[in-house]
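The values are calculated or read from the model by the stated rules, or taken from the named source; none is laboratory data. Quantities reported herein were computed from a predicted structural model and do not represent experimental measurements. So basically every Cβ, Gly included, is an ideal-geometry build from the backbone, and we count neighbours across all protein chains shown. In case anyone asks, the SASA skips ligands and DNA or RNA and just uses the protein heavy atoms, side chains included. Shrake-Rupley method; radii C 1.70, N 1.55, O 1.52, S 1.80 Å.
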Amino acid sequence: MKKIILHAIIFFFSFITILFGQDIELPRVMVVVDEKIDDQSTSAKKVVGKIEEALLERGFRLVDKAQFGEILARDLSLDLTNPAKAKALGKRFGAEIIITGGVQANFGGDIEVYGTKYADYTADGSVKIILTDVGEILAVSSADAKAKDQSKSRSASKSLEDLGKKLATDVVTKIDKKLKDMRDKPIVIQLALLGVNDASLLEEEKKLPTKIPMIQKLKVRYIEGDIAMLDLTVKGTIDDLRAQFTSLGEYKVVGFTGSRLDVSTDTKGVKKVSAYIPSELEILEFKVENIFPAQFNYYAFNPIGNMIIENTGKNDIKNVKVSVMVPKYMQLASEEVIPLLKAKEKKEIPVKATLDNTVLQDVKDNIAAQVLGKITFVVDGQEKSRSITKTTTIYSRNSVSWNRPDAIGAFITPNDEAVKNFSRFVIGNVKPDKTAYPDAPRNIMNAMAVWDAIRAFQINYVVDPWRVAEGDVLDDIQFPRETLANKAGDCDDSSVLLASCLENIGIRTFLIGTSDHVFIMFDTGVNAKNASRVSLNEREYIVKDNTVWIPLETTIIGKPFTQAWSMGAEGYYKTVDANGKLDMIDVRKSWEKFPPSNLASNVKTSEPPSAEKIASLLNEELINVITNYKEQVEARVAAYKVDGTEKSAQKASQLLANAGRFDEALEVIKKYSSATSTNNRANIYLLKGDSANAYNNYTAALKSDTKDGGINLNFGLLQFLGGNPAETVESFATAVKKFPSKEEAFTKLGIDNIVAEMGQTRAAEKTQAVDKGELKNLLSSALQDVNAKKDSKANGKAIRKGENKFIFGGRRGIDPTALGNIKDFLYWKEI
């Protein structure tokens with residue numbers, strides 16, 4: 001692509017005024033920038049004016065704004081992503097370069113200086129410098145500026161003017177540098193050499209660089225009949241090359257386009273042709289992107305490049321086969337059949353490649369490879385073909401470009417045996433002291449165990465700098481088993497390892513990318529309505545998809561979980577507060593495009609740390625977490641008690657109940673008799689294991705408030721604990737019916753995440769006293785048809801099979817071990 005851009009620039013600017021001491025005419029530029037003040041478009045065009053002033057001073061020619069007054073920058077930015085549209089716009093307005101983008105000035109508030117009030121404005125934005133011939137971005141310029149004035153309008157205007165000056169200086173500098181760099185570099189031109197055979201072609205390869213010194217390099221792509229296609233690397237323009245061939249009597253230029261010469265030979269003993277007779281089908285263009293081995297699954301279903309072919313004949317051609325082959329790195333060519341290509345029709349075909357991952361896993365350094373594109377077709381009963389070869393770079397197996405953030409998913413390999421063995425060893429063999437944190441959500445407990453296992457593994461943090469290769473900003477990421485083997489890695493390596501281990505045990509993860517950093521967050525499984533079970537500090541967690549997530553800073557993978565949690569939350573909210581860039585990479589969604597690749601399966605890993613060592617670290621963590629949580633509860637409850645209202649009393653009571661302090665929780669609301677207090681009192685009795693008082697209070701609450709479906713949900717949970725599936729289903733169905741829609745019911749009752757996971761019970765949950773999977777299935781039955789009460793009993797029986805583990809044991813005898821997961825589902829009524 002760079003070579004195409006290079007050629008386009010030199011071809012475009014063959015007539016230009018003084019640049020770097022040469023008589024050349026500078027290109028014609030069109031500047032269209034969308035300018036806003038406080039989200040409102042402004043016609044003042046301060047930034048555009050400054051950029052145009054700088055361009056004119058430098059000697060560039062400008063497209064008159066009157067010609068494109070109706071064109072908006074935001075519309076242009078969409079059009080210019082398509083090379084054909086960019087070229088059309090350039091031709092329409094006579095622009096060889098278009099500078100487009102958006103800027104905005106935002107009011108930051110009033111500030112007072114020595115008694116005088118000033119309006120503070122901040123302006124920021126960016127513009128792209130686009131070459132219209134190919135629709136490619138040559139450079140991007142970003143800047144910001146601040147200004148203050150007693151007048152808001154003057155302050156806003158001044159901030160945009162200052163921003164415009166910065167952008168103008170940067171834009172002109174970048175265009176100058178780009179033009180100079182590209183004129184100093186060689187370009188590649190296609191040469192169709194007619195009237196040759198294998199022997200004479202060898203002679204031409206030797207003598208052409210001698211006869212035409214501007215040819216620095218020559219490469220034969222293919223020979224078909226008496227026509228050979230070559231790539232020439234030349235110093236100069238295609239006009240210069242055409243003139244050189246014309247000056248030599250033994251060659252005749254018979255065809256000429258912007259990037260190709262067709263030349264007929266006149267060598268004695270070689271068949272001469274008086275004209276170039278093209279094939280019925282021609283390959284006009286073949287582009288192939290550089291290859292990232294870890295994305296081999298992606299390339300099998302997504303384009304690795306594209307080929308543009310044209311039917312130059314007068315007749316339609318059926319069943320055109322397009323194939324792509326990367327020798328050595330593919331076992332078979334990837335093929336696609338075009339059913340019909342009409343006469344004179346051009347068609348762009350995305351090309352895919354099924355790469356051989358067994359070969360790719362040995363690619364540890366960047367290497368050059370040849371990609372063969374070929375079209376095969378039949379004309380008048382005769383099979384014909386055209387082929388073209390392109391050179392591409394295959395990056396090392398650990399390379400990734402952050403231009404595609406989701407591509408990191410290919411490195412997250414939860415089913416790798418090393419990851420699986422490590423994770424399952426931790427969950428199966430590490431025995432923490434659960435009395436230290438008895439009500440810990442399962443995902444938090446398991447995530448802490450995995451963290452401390454990696455911590456005990458003593459992974460050292462090693463900086464892995466980004467690098468630039470052929471326009472790609474590259475980073476190296478280790479596969480999880482490589483990090484386990486090397487015991488070293490940077491932030492993305494440790495994030496990938498941790499995500500792989502957590503996903504292996506069923507914990508959903510996100511990777512969070514900033515401009516120069518990667519860390520992780522995981523789903524606690526706790527519904528947003530129960531966020532207080534995780535922390536009372538809202539800036540210590542993130543709510544996503546209505547569940548609570550904990551961020552972890554993985555650069556300190558050797559430090560305690562609580563410290564990583566604190567740093568992760570601080571880093572996340574610091575970026576959010578500053579309106580910084582955050583790439584939220586859903587690992588499971590990233591796998592839809594970039595499935596796990598595991599190109600390091602031959603790497604041997606070390607034995608995991610002892611279960612005792614991990615448990616020792618984990619027990620310390622549990623004490624720290626619960627101690628911090630208790631301190632938060634004490635402070636918050638004290639504040640609620642000072643407030644003295646029933647609303648505060650309800651909140652204090654819920655906190656105390658979730659902390660296992662049931663008698664204190666009951667004491668706080670004992671003087672209140674509202675439906676809210678009665679429902680919440682019933683919840684406390686249920687958690688305490690007192691089924692009789694729970695039953696009585698739920699019944700009273702249902703009579704006091706007949707419209708709140710949340711009370712029915714709680715009553716269904718009580719029935720579930722009592723081993724009554726039919727009544728459970730009926731209560732759940734009644735709860736949902738009391739809302740305008742099922743969706744509103746799911747959100748209000750906090751069961752939307754349960755519905756999303758319906759029927760996906762994990763093996764680990766089967767060992768819990770309360771089987772969440774069974775509870776979800778009962779809820780599912782209720783939701784299938786909330787009006788079919790008569791079927792509730794049958795549904796319940798169909799679902800609940802086997803031994804009944806949840807017995808009341810009398811009217812006051814709920815098994816305490818059966819209450820752990822109920823907290824996730826309880827509905828706490830609010831004033």
Here the qualifying pairs (Cβ atoms under 7 Å; residues six or more apart or on different chains; first in segment 342-365 and closer than 30 Å to Ser601 by Cβ; second of a type in the set (D, E, K, R)) come out as Val359/Lys328; Leu360/Arg397; Gln361/Arg397; Val363/Arg397; Lys364/Arg397
Residue that is touching a residue at least 40 places away in the same chain (Cβ under 8 Å) and open to solvent by 10 Å² or more (accessible area, probe 1.4 Å), where the choices are Asp577, Asp492, Asp523:
Asp523
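Right, Lys647: closer than 29 Å to Ala449 by Cβ and open to solvent by 70 Å² or more (accessible area, probe 1.4 Å) or not?
Against the criterion (closer than 29 Å to Ala449 by Cβ and open to solvent by 70 Å² or more (accessible area, probe 1.4 Å)), Lys647 does not qualify.
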Filter segment 23-67 for residues that are modelled with pLDDT under 75 and closer than 30 Å to Phe107 by Cβ and give the result.
Lys65
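Identify, from the list Lys87, Lys3, the residue that is charged (D, E, K, R), within 36 Å of the chain's Cα centre (by Cα), at pLDDT below 60 and over 30 Å from Thr122 (Cβ atoms).
Only one candidate qualifies: Lys3.
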Inside segment 665-748, counting only helices (runs of 4 or more DSSP H) that do not spill past its ends, which hold 3 or more residues that are without any contact (Cβ under 8 Å) to a residue 12 or more places away in the chain and touching a Ser or Thr at 6+ places or on another chain (Cβ under 7 Å)?
none
Given the criterion touching a residue at least 60 places away in the same chain (Cβ under 8 Å), under 21 Å from Ala440 (Cβ atoms) and open to solvent by less than 10 Å² (accessible area, probe 1.4 Å), identify the matching residue among Asn537, Asn530.
Asn530
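Of everything in segment 413-439, what is open to solvent by less than 20 Å² (accessible area, probe 1.4 Å) and in contact with a Lys or Arg (Cβ under 8 Å, 6 or more places away or on another chain)? Give them in sequence order.
Thr413, Pro414, Asp416, Ala418, Val419
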If we keep only residues of segment 603-621 that are touching a Lys or Arg at 6+ places or on another chain (Cβ under 8 Å) and either surrounded by fewer than 16 Cβ atoms within 10 Å (Cβ to Cβ) or not small (Gly, Ala, Ser) (or both), then the residue farthest from Val450 (Cα to Cα) is Val603
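Filter segment 654-664 down to residues that are surrounded by fewer than 16 Cβ atoms within 10 Å (Cβ to Cβ) and either in contact with a Cys (Cβ under 9 Å, 6 or more places away or on another chain) or in contact (Cβ under 8 Å) with a residue 40 or more places away in the chain (or both), then give me how many there are. Before you say what the answer is, go through the steps one by one.
From segment 654-664, those surrounded by fewer than 16 Cβ atoms within 10 Å (Cβ to Cβ) are 660, 663; that's our starting set.
Now narrow it down to the ones that are either in contact with a Cys (Cβ under 9 Å, 6 or more places away or on another chain) or in contact (Cβ under 8 Å) with a residue 40 or more places away in the chain (or both): 660.
Number satisfying all stated conditions: 1.
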Which of the residues spanning segment 340-394 are among the β-branched types (Val, Ile, Thr), at pLDDT 90 or above and open to solvent by 60 Å² or more (accessible area, probe 1.4 Å)?
Thr354, Thr358, Val378
Pairs needed: first member in segment 98-121, closer than 21 Å to Val32 by Cβ and modelled with pLDDT under 90; second member anywhere, open to solvent by 10 Å² or more (accessible area, probe 1.4 Å) and among the hydroxyl-bearing types (Ser, Thr, Tyr); C-beta distance under 6 Å; at least 6 residues apart or different chains.
Thr100/Ser77; Gly101/Ser126
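Yes/no per residue for (1) among the hydroxyl-bearing types (Ser, Thr, Tyr); (2) at pLDDT 90 or above; (3) within 29 Å of Asn504 (Cα to Cα):
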site	(1), (2), (3)
Gly709	no, yes, no
Gln719	no, no, no
Ala726	no, no, no
Ala735	no, no, no
Phe739	no, no, no
Gln760	no, no, yes
In segment 547-572, the residues that are closer than 28 Å to Asp124 by Cβ and open to solvent by 40 Å² or more (accessible area, probe 1.4 Å)
Met567, Glu570
Within segment 144-240, considering only strands (runs of 3 or more DSSP E) that don't extend past its boundaries, which have at least 1 residues that are without any contact (Cβ under 8 Å) to a residue 24 or more places away in the chain and within 30 Å of Ser264 (Cα to Cα)?
215-224
Condition met for Asp362 (acidic (Asp, Glu) and on the phi > 0 side of the Ramachandran plot)
no
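Among the residues of segment 280-309, how many are part of a loop (DSSP other than H, G, I, E, B) and under 28 Å from Glu383 (Cα atoms)?
So the answer is 3.
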Residue that is most open to solvent (accessible area, probe 1.4 Å), among those in segment 27-54 that are assigned to a helix (DSSP H, G or I) and of a type in the set (Lys, Arg):
Lys46
Unique match (being among the aliphatic types (A, V, I, L, M), under 17 Å from Val603 (Cβ atoms) and assigned to a helix (DSSP H, G or I)) among Ala407, Ala418
Ala418
Would you confirm whether any residue within segment 472-482 is surrounded by fewer than 21 Cβ atoms within 10 Å (Cβ to Cβ) and closer than 17 Å to Ile412 by Cα?
yes
Considering segment 244-258 alone, what residues qualify as being part of a helix (DSSP H, G or I) and either open to solvent by less than 60 Å² (accessible area, probe 1.4 Å) or of a type in the set (Ser, Thr, Tyr) (or both)?
Phe245, Thr246, Ser247
So, Phe715, is that one aromatic (Phe, Trp, Tyr), touching a Leu at 6+ places or on another chain (Cβ under 8 Å) and under 23 Å from Pro438 (Cα atoms) or not?
no
Filtered residue count, segment 29-58, keeping only those that are of a type in the set (A, V, I, L, M, F, W, C) and without any contact (Cβ under 8 Å) to a residue 60 or more places away in the chain
1
Any chance segment 312-327 includes a residue that's surrounded by fewer than 14 Cβ atoms within 10 Å (Cβ to Cβ) and acidic (Asp, Glu)?
yes
The correct count of residues that are modelled with pLDDT of 80 or more and either closer than 26 Å to Arg508 by Cβ or crowded, with 23+ Cβ neighbours inside 10 Å (or both) in segment 446-468 is 13
State yes or no: is Thr734 buried (at least 18 other Cβ atoms within 10 Å of the Cβ) and in contact with a Gly (Cβ under 6 Å, 6 or more places away or on another chain)?
no
